[in-house]
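Here is the structure we will look at.
The values are calculated or read from the model by the stated rules, or taken from the named source; none is laboratory data. The structure displayed is predicted, hence computed values, not measured ones. Using ideal geometry, Cβ is built from the backbone for each residue, glycine included, and neighbour counts are taken over all protein chains shown. Protein only, heavy atoms only, side chains kept; ligands, DNA and RNA dropped before computing areas. Shrake-Rupley method; radii C 1.70, N 1.55, O 1.52, S 1.80 Å.
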Protein chains: 2
Amino acid sequence: MLGQMMNRPLSVIEILKYGAEIHADAEIVSVRTEGDLHRQSYRETYARTGKLAHALKALGVGHGDRVATLAWNGYRHFELYYAISGMGAVCHTINPRLSAGQMIYILSHADDRVLFTDVTFIPILEALQDQLPSDLQIVAMTDAAHMPDTTLDVLCYEDLLAPQDTDYDWPELPEETAAGLCYTSGTTGHPKGSLYSHRSTVLHALFVAVTIPRSLHEGARLLPVVPMFHVNSWGMPYAAPIVGASLIMPGGKLDGPSLYDLMENEKVTASWGVPTVWLGLRAEIDARGKPPSALDQVVIGGSAAPRSMIEFFEKMDIDVCHAWGMTEMSPVGTTGQLPVTMQDKPFEDRMALKSLQGRRMFGVDLKIVGDDGQRLPHDGEAVGELYVRGNGVVAGYFDNDEATKGAVDAEGWFGTGDVASISPDGYLSIQDRSKDLIKSGGEWISSIDLENVAMSHPDVANCAVIAIAHPKWDERPVLVVVGKDGKHPPLEEFHTLMEPHFAKWQLPDDVLYVDALPLTATGKVSKLTLRKQFADYTLPDVG
Amino acid sequence: MLGQMMNRPLSVIEILKYGAEIHADAEIVSVRTEGDLHRQSYRETYARTGKLAHALKALGVGHGDRVATLAWNGYRHFELYYAISGMGAVCHTINPRLSAGQMIYILSHADDRVLFTDVTFIPILEALQDQLPSDLQIVAMTDAAHMPDTTLDVLCYEDLLAPQDTDYDWPELPEETAAGLCYTSGTTGHPKGSLYSHRSTVLHALFVAVTIPRSLHEGARLLPVVPMFHVNSWGMPYAAPIVGASLIMPGGKLDGPSLYDLMENEKVTASWGVPTVWLGLRAEIDARGKPPSALDQVVIGGSAAPRSMIEFFEKMDIDVCHAWGMTEMSPVGTTGQLPVTMQDKPFEDRMALKSLQGRRMFGVDLKIVGDDGQRLPHDGEAVGELYVRGNGVVAGYFDNDEATKGAVDAEGWFGTGDVASISPDGYLSIQDRSKDLIKSGGEWISSIDLENVAMSHPDVANCAVIAIAHPKWDERPVLVVVGKDGKHPPLEEFHTLMEPHFAKWQLPDDVLYVDALPLTATGKVSKLTLRKQFADYTLPDVG
Ligand SMILES: Nc1ncnc2c1ncn2[C@@H]1O[C@H](COP(=O)(O)O)[C@@H](O)[C@H]1O
């Protein structure tokens, strides 16, 4: 028997509409490319979002069309999130750190109609000019006075908005309608797109809001360090207007001193980002002898938060919430706030627990399975591949049948490629990665893609790329090679081969020579053994 | 274009499963009919809920069957909520304050298979024994040692649970599946049932949790004074396990001293209820000279919170959240926490704002319309009938085509029967009620039903029942009569006529005689004019 309740489609624009009405004076403060600090309330933001939707329509954007962004965290990027999804199109956030080849691939794979870009990234686009789809319209996210001098044919964001009406008649869309698109690296080949829906986005925002209230509450001043091109800034732009938190947007200024000043001046209460960015802030806090005065919580995720980093903040009475998730999960999966029963426990015990990846967020299910595909117990001992399920989790990849086929198991769970144990009380402990990827400063590098290029060197008999721990970048790639006829080509030769296909920061930091690569029972290169073999190895820049 | 996300059905049992895993040690503390104070964690509660589901199955309860409860707030009632919905049946909470006739009507209209009752209500059932459906199984919510001595054929709750397994294989249900049923008085005739779904229940819980975090957060100790037979205790039993709040259940002990002691002993941080119950607590606070030590917020709704009551609590630094809603809304519609920007404003201004009914909760839309059906502006001036829309709002009534037909307007909005204005910044101000109902101590009395019986008195030419303000009960009914041939029958004669059809507390407090009743333009009795006419009238027990 069915209930007799209204079934109203969950909708992204309803979030901003609510924020504009109920938390009208909460604000978005943005460090912008124009060089100043810009402030506008949710009320103003909603009005501008209406104008933007009219402008998009005028540009020919229709229902289901993809509209790309290449931008820092800022109010215009926020407006794009809501206007694009609100009018029924799909907001495709592009990571500017991708290699040129990947960027061109996803622009054409997504078939973007319009690309909104911060002026910062104009040089990147100029370099790609010949390869850009010919009908792609480019809009520079600035005003007339700051339009870049460029060979590209670009429109001006503020000029597009100026003549438009603030009232837009937002369509009522089925809640499964696509709202956002974000590509992430596969272990090999092209990036794959997670296609978020209105339903998944709204539910994820609600789940995050009830799970991390210390960051997300009325009057909070939240600084998303994690970029809006990284899985929607972990959902902050969607959760903040619901609860009435202000957003303090750092633009491209992510160094320690800039973050510190922004936090201090804007009385930031919480900030979320990957471990790498906290190193800069940490150094600045050390230099100034005290943390930003209002800072109450940092959420660290995207890579494992080192215990020393957690302790650093906690010793200053700044709560650390260690979170785990992934692009395919919208992204939050687990979060590490401690239960109240732990509050009186010794510091050591609390920090040990906080070093784990936390427990599942409401709306997320976890399971670990062994090599035989059977479920393993959540006993804190058994280690298996981690699978997840929930309304925020992808069921496949955008326009990619092959990747979609392998995405979920027979029971309908998504395989994360992470290897983990789960304790009886639900704490996730990520132990390893089964997918052949390296995460450097929060960004992915494909070992396999690097290996494929390295193999094209005439003096290479066999090779493997492994992740080596790095104090700043978490992991860096190192190339391990079996030379042909005892030959040992230098690192530069590999870089030369790789440069056309990869971003600079994706290239291996070193090449090491071995006589043979260790193999698994099934005859594959055993990266596990290889990593153990080089456990004592130190990277050139760490030494 | 559709997104490519998993579409997992929202499900009530997932809430308790989550609470049992992530907030395992949060507890339900219950004043129970056995006479003691009982405590159990969410972990234990979930295990017992599994047993209960097995027991229900053994009693023959199947998918979609209705299972009734007649019970105070307590852990067994809570277990019933989850076990019944979790197994795919419908939890039908019955208000023990209904008249015998209404109770019999809804038991048979709902076609309940099993009735779970607190031993307190056994006498009520015994009095109805002849009229109870013959195949209705009755379960007393107690253990073998406390089974009532009764002429009824009753099963024992704890005996049913004892042999069962804690693991229950909860079915995966479409999220629109009915989960709960709650009848509410119509302006005339029989009560009408709101049939909540899993979707509406889970979404409402999330909406409430993000909207009233001061009550609903991890470690909070929440005391639901509003009964679980009143619209699911305003959703507290569903929101608390998500956020990790403990529930302190008062059972039938709702007097001031009992509530005070429970709040003090259990360090209650927040409590929700109708204005009438706060009077008792208020008197007790006055007597003891200080409020319960941990009490931080009271939510007052169900009837307008008097400003003096709001000020009383606020002066003691207890936050008052004035909320408005209704059975047909799951029930929360608007809530009165002030925006941070108001925090530094003078006390008078803040109290004036808190006296209004608050602003819409996330997920609820409001509109007011004039007599011509046209929308009125939200300017704080225009007064019109209030309509609502949202995932927590009914689209009709259970098995009641006639009531369903009139429930929503052409645009799909539900008519609340409240008359209100809405300010430009979203504050709802309830001005009047267009539905002919009187709300006494949080419970409904139908003016029309009383009038119909009064008209059957041979000496009555015409009559009307109006609401008169009462300091304790908010409103009390008074009968206004035009006598035939100058006859003035006394109140007792009307009571004698009415008693078979109404609960005692529903009878009018007084009868007043007039020469004629004022009429509206369309020739109906103008209750508005009548109420104005008796503005200075004082009820007999108030004087
Ligand atoms: N805060 C409030 N102020 C005024 N009336 C209220 C308030 N809350 C609830 N009501 C009344 O109670 C009705 C809902 O009653 P019920 O369905 O029993 O919860 C509403 O339609 C209003 O008439």
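Could you compute the net charge surrounding A:V320? Neighbours are other residues with a C-beta less than 13 Å from the C-beta of A:V320; K and R count +1, D and E count -1. Mind showing how you got there, number by number?
On the way: positive: A:R214, A:R282, A:R307, A:K315, A:R350, A:K354; negative: A:D296, A:E311, A:E314, A:D317, A:D319.
Every neighbour counted, the sum reads +1.
Kindly give the distances from B:D371 to its copy-mates, label point to label point, with each label point 7 Å from Cα along Cα→Cβ, as nm values to one decimal ordered shortest first.
8.2
For the protein assembly as shown, which whole percent of the accessible surface, found with a 1.4 angstrom probe, sits on carbon and sulfur atoms? Could the numbers behind the result be given before it?
Working: 19700 of 39580 Å².
Percent of accessible area from carbon and sulfur atoms in the protein assembly as shown: 50.
What gaps in nm, shortest first, separate B:T120 from its twins in the other copies when you place the label 7 Å past Cα toward the beta carbon?
Result for B:T120, in nm, nearest copy first: 6.1.
Over 30 Å between Cα atoms: which of B:K192/B:K527; B:K290/B:K504; A:K345/A:K439; B:K192/B:K472 fall into that group? List each step's numbers first, then the result.
On the way: B:K192/B:K527 24 Å; B:K290/B:K504 35 Å; A:K345/A:K439 33 Å; B:K192/B:K472 27 Å.
Pairs exceeding the cut-off: B:K290/B:K504; A:K345/A:K439.
Which number do you get for Rg(Cα) / (2.2 N^0.38 Å) in the range B:278-353?
Values: Rg = 13.3 Å, N = 76, 2.2 N^0.38 = 11.4 Å.
The range B:278-353 yields a ratio of 1.16.
What are the ³J(HN,Hα) values, in whole Hz, obtained from phi via the Karplus relation 6.51 cos²θ - 1.76 cosθ + 1.60 with θ = phi - 60°, for each residue of the range B:319-331 in sequence order, with x given for Gly and Pro?
Per residue, the Karplus-derived 3J(HN,Hα) values read 5, 10, 10, 8, 10, 10, x, 7, 3, 6, 10, 6, x Hz.
Between A:T166 and A:H38, what FRET efficiency comes out of the Förster formula 1/(1 + (r/R0)^6) with R0 = 25 Å and r the beta carbon distance, rounded to 0.05? Can you show the working numbers first?
Numbers: r = 18 Å, r/R0 = 0.73.
About 0.85, to the nearest 0.05.
Restricting to DSSP H runs of at least four residues, report the calculated mean residue ellipticity at 222 nm for the protein assembly as shown, -39500 (n - 2.57) per run over all residues, nearest 500 deg cm²/dmol. Provide the component values of the computation, followed by the final result.
Working: 34 runs with 324 residues, N = 1086.
That calculation yields -8500 deg cm²/dmol at 222 nm.
Excluding ligands, DNA and RNA, what is the accessible area buried between chains A and B, summed over both sides, using a 1.4 Å probe, to the nearest 100 Å²? List each step's numbers first, then the result.
Numbers: alone 22520 and 22530 Å², together 39580 Å².
About 5500 Å² of accessible surface is lost on pairing.
Using a label point 7 angstrom from Cα along Cα-to-C-beta, what distances in nm, from shortest up, separate A:D159 from the other copies?
In ascending order, 8.5 nm.
Pop a pseudo-label 7 angstrom from the Cα along the beta-carbon direction at both B:D255 and A:L519 and give the gap in nm to one decimal.
8.5 nm
For helix B:256-265, report the angle its Cα long axis makes with the longest principal axis of the Cα atoms of chain B; keep it between 0 and 90° and round to the nearest 10°.
30 degrees
Please state the relative contact order of chain B as a whole percent: Cα pairs under 8 Å, 6+ residues apart?
Values: 1159 pairs, mean separation 59.7, N = 543.
The normalised contact order for chain B reaches 11 percent.
Starting from the 7 Å offset along Cα-to-Cβ, what nm value, one decimal, do you get for the label separation of B:I124 and A:I448?
6.5 nm
Name the long-range amide H neighbours of B:V460: under 5 Å, sequence gap of 5 or more, or other chain; modelled H, no Pro or chain starts.
B:K484
For the protein assembly as shown, what D do you get in µm² per second when you plug the Kirkwood radius from alpha-carbon pairs into Stokes-Einstein at 10 °C and 1.306 mPa s?
Approximately 50 µm²/s, per Stokes-Einstein.
Taking the 0 to 90 degree range and rounding to the nearest ten, how far is the long axis of helix B:75-86 tilted relative to the main principal axis of chain B, both from C-alpha atoms?
Around 80 degrees separate the two axes.
Whole number please: convex hull volume per residue, Cα atoms of the range A:438-533, in Å³. Before the final figure, lay out the partial values.
On the way: hull volume 9.4 nm³, N = 96.
Once divided by residue count, the hull of the range A:438-533 is 98 Å³.
Round to a whole angstrom and tell me the spacing of the C-alpha centers of the range A:209-236 and the range B:505-543.
So the two Cα centres are separated by 55 Å.
Along Cα→Cβ, 7 Å out, is where each label goes; now give me the distance between the ones at A:E402 and A:D286 in nm to one decimal.
Spacing of the two 7 Å Cα→Cβ label points: 4.6 nm.
Ignoring ligands, DNA and RNA, what accessible area per residue does the protein assembly as shown give at 1.4 Å, in Å²?
Numbers: 39580 Å² over 1086 residues.
Dividing the accessible area of the protein assembly as shown by its residue count gives 36 Å².
Count the DSSP beta bridges whose two residues both fall in chain B, then state the antiparallel fraction as a percent rounded to the nearest 5. Could you put the intermediate results ahead of the total?
Working: 49 of 87 bridges.
Expressed as a percentage, antiparallel bridges in chain B total about 55.
Compute the long axis of helix B:275-288 from its Cα atoms, compare it with the longest principal axis of the Cα atoms of chain B, and write down the angle in degrees, 0 to 90, nearest 10.
The two axes meet at around 80 degrees.
Would you calculate the volume per residue, in Å³, of the smallest convex hull containing every Cα atom of the range A:23-84?
On the way: hull volume 5.5 nm³, N = 62.
Normalising the Cα hull of the range A:23-84 by residue number yields 88 Å³.
Write down the radius of gyration of chain A and its Dmax, each obtained from C-alpha positions, in Å.
Using the Cα atoms of chain A, the pair Rg, Dmax is 23.3, 76 Å.
Arrange the peptides A:215-222, B:336-343 so that the one whose residues have, on average, the most other Cβ atoms within 10 Å appears first. Mind dumping the intermediate values first?
Numbers: A:215-222: 22.2, B:336-343: 16.6.
The most tightly packed comes first, giving A:215-222, B:336-343.
Rounded, prolate or oblate, given the Cα gyration tensor of the range B:246-297, with a/c below 1.5 counting as rounded?
Numbers: a/c = 1.43, a/b = 1.11, b/c = 1.29.
Since a/c stays below 1.5, the shape of the range B:246-297 is classed as rounded.
If each Cα of the range B:79-158 is one equal point scatterer, what is log10 of I(q)/I(0) from the Debye formula at q = 0.13, 0.16, 0.25 Å⁻¹?
Evaluating at q = 0.13, 0.16, 0.25 Å⁻¹ gives log10 I(q)/I(0) of -0.39, -0.60, -1.40.
Around B:L376, with a cut-off of 13 angstrom between Cβ atoms, what is the net charge of the other residues, counting Lys and Arg +1 and Asp and Glu -1? Each step should come with its number before you reach the end.
Details: positive: B:K367, B:R375; negative: B:D371, B:D372, B:D379, B:E381, B:E385.
Charge balance in the 13 Å sphere: -3.
Tell me, what is the percent relative contact order of the range B:50-110, built from C-alpha pairs under 8 Å that lie six or more residues apart?
Values: 56 pairs, mean separation 22.8, N = 61.
Dividing the mean separation by the residue count of the range B:50-110 yields 37 percent.
Show me, for the range A:213-220, the HN-Hα J-couplings you get by feeding each phi into the Karplus relation (A = 6.51, B = -1.76, C = 1.60, θ = phi - 60°), rounded to Hz, glycine and proline as x.
x, 5, 8, 10, 8, 4, x, 4
Could you work out the relative contact order of the range B:81-221? I mean the mean sequence separation of Cα pairs under 8 Å and 6+ apart, divided by the number of residues, in percent. Intermediate results must be reported in sequence, preceding the final value.
On the way: 159 pairs, mean separation 34.4, N = 141.
For the range B:81-221, the relative contact order is 24 percent.
Under the rule of at least 5 residues apart or a separate chain, name every residue whose amide H is placed under 5 Å from the amide H of A:Y427.
none
Going by amide H atoms built from the backbone, whose H comes under 5 Å of the H on A:W272, apart from near neighbours?
A:L223, A:V225, A:V226, A:V299
Using the Kirkwood radius built from alpha carbon pairs, what does the Stokes-Einstein equation give as D for the range A:364-433 at 37 °C and 0.692 mPa s, in µm² per second?
On the way: Rh = 12.5 Å.
After rounding, the answer is 263 µm²/s.
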